[in-house]
Amino acid sequence: MPSVVFLRGVNVGGHRTFQPSAFAQAIKDLDVVNVGAAGTFVVRKTIGQSALREKFLEKLPFDAEMMICSARELIQLAGGDAFGSEPATAEARRYVSVMAKRPPKLPPLPLCQPAGDEWQVKVIGITGKFALSLNRRTGRKLVYPNEVVEKKLGVPATTRNWDTIEAVCEVLKAS
């Protein structure tokens with residue numbers, strides 16, 4: 001079964017930079033498709049997670065944390081009504097944080113940062129190891145969903161825009 005690899009903290013702010021398309025070519029024996037510039041890869045060859053992790057770390061020019069999901073997990077997330085009654089708008093964009101594991105204790109939702117009507121990040125749902133959030137700009141300082149998820153849920157995560165998740169699912173469905 002295909003897998004999806006999400007690298008954490010790469011190509012951000014000039015740290016741990018690399019060219020994802022060139023990296024995908026370097027591991028073409030795994031039938032890899034690069035999606036975007038943030039370190040998101042669809043691995044179409046069936047391979048165990050530990051072997052996949054080892055192969056990625058062997059070929060990356062730096063150590064990187066990664067979250068690995070099965071194709072089934074991601075397609076199931078995208079195929080449902082993940083965001084419920086929370087529509088995507090020009091003001092509030094949808095994000096998915098892929099967590100290293102499901103948090104041991106789930107807080108009451110939604111989680112808003114900052115609290116109140118001026119929220120910039122609102123975590124509205126947790127499904128397995130996915131945290132679903134909305135993000136909007138309401139002030140000068142931008143709060144990013146990943147920092148809220150990691151701090152409030154206490155687990156490492158990496159965050160992608162919902163458009164990226166949909167693009168990954170298109171690659172998976174075409175496989």
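Each reported figure results from applying straightforward, stated rules to the coordinates on display, with no laboratory input. Just so you know, these numbers come straight off a predicted model, no measurement behind them. Neighbour counts run over all protein chains shown; Cβ positions are idealised from the backbone, glycine included.
Per residue, the average separation of C-alpha pairs within less than 8 Å and at least 6 apart gives the range 16-175 a relative contact order of 22 percent. Calculated FRET efficiency, S175 to H15, Cβ-Cβ distance, R0 = 22 Å: about 0.10 to the nearest 0.05.
Compute the convex hull volume of the Cα atoms of the range 99-143, divide it by the residue count, and report the result per residue in Å³ as a whole number.
Dividing the Cα hull volume of the range 99-143 by its residues yields 75 Å³.
Each peptide among 167-174, 118-125, 23-30 gets the average number of other Cβ atoms lying within 10 Å of its residues, and from highest to lowest they stand as 118-125, 167-174, 23-30.
Sorting the segments 68-76, 4-12 by their residues' average number of neighbouring beta-carbon atoms within 10 angstrom, most packed first, yields 4-12, 68-76. For the range 3-75, the mean projected area of the C-alpha convex hull, equal to one quarter of the hull surface, is 4.4 nm². Between the helical axis of 49-59 and the longest alpha-carbon principal axis of the chain there is an angle of about 70 degrees.
D by Stokes-Einstein for the range 33-91, Kirkwood Rh over Cα pairs, 4 °C, 1.567 mPa s: 92 µm²/s. The angle separating the long axis of helix 162-174 from the principal Cα axis of greatest extent in the chain is about 40 degrees.
Spin-label pair Q49-D117: with each label point 7 Å from Cα along the Cα-Cβ axis, the two points sit 4.3 nm from one another. If you wrap the Cα atoms of the range 103-175 in a convex hull and average its projected area over all directions, you get 5.6 nm².
Beyond 32 Å in Cα-Cα separation lie the following of the pairs K55/K173; K28/K129; K151/K173: K151/K173. When peptides 144-152, 54-62 are sorted by average Cβ neighbour count within 10 Å, with the highest value leading, the order is 144-152, 54-62. At an R0 of 35 angstrom, the distance between the Cβ atoms of K152 and A37 translates into a FRET efficiency of 0.85.
Taking a straight line from the alpha carbon of K105, these aspartates and glutamates sit under 18 Å away, with near neighbours fewer than eight places off in the same chain left out: E147, E150.
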